[in-house]
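Any read-out appearing in this document is the output of simple, stated calculations on the displayed coordinates, not a laboratory observation. Here the structure is a predicted model, which is why all the values come from computation and not from measurement. Virtual Cβ from ideal backbone geometry, glycine too; neighbours counted across all protein chains shown.
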Amino acid sequence: MSRTKCSTTLDILQVSVMPKASDLRKRYLALLKEREGKVRHDEALVIYRNEWVRILLADSEDADRDSTIEVEMSPPFSHCSSSTPEDEDKGTEHSVVCSRRTMQSMIDHLQYMIDLERSGFLIDFAGNGCLFVAFRGFAETPDIETFRLLLPPSAGSGLRQKEPSNRLMSLVI
């Protein structure tokens, strides 16, 4: 799999927007239209991004495919440490709760990647294993179910949004 660069000049669905599958599909179609007639290159266009996930439209390396959708997932910088005086004032309880939420979000996002893999996406790791990449080529515009599947838990999709179980946390800690 070739790595791609991200275009920053396009109007991107921002972190603050809780997208719907139809929003992702509209953005995908707009990017395909914008790209029509242009010489293919290694630049990926951002469909959606937030602190955990970037969903990209990339040129397909397969001549039978029009495009490839890539999903990059990596944990954001954690704000749970008590490395500053302000953080220390919040106390240990705040740090524990924050850490649990971060770990649960990581579990949710790893499950999201597994769901993508079960639906035909290929999974790869980049760098030191902290960047997970799922990708799949499409000969035609994917159906709305594919775009529903692409909605990450951190986009408010409501999937698996719960506190971690004590049993799970004892395994993690």
In what sequence do L110, L149 fall when counting other Cβ within 10 Å, fewest first? L110, L149
Listing M73, M103, M18 by rising number of other beta-carbon atoms within 10 angstrom, fewest first, gives M18, M103, M73
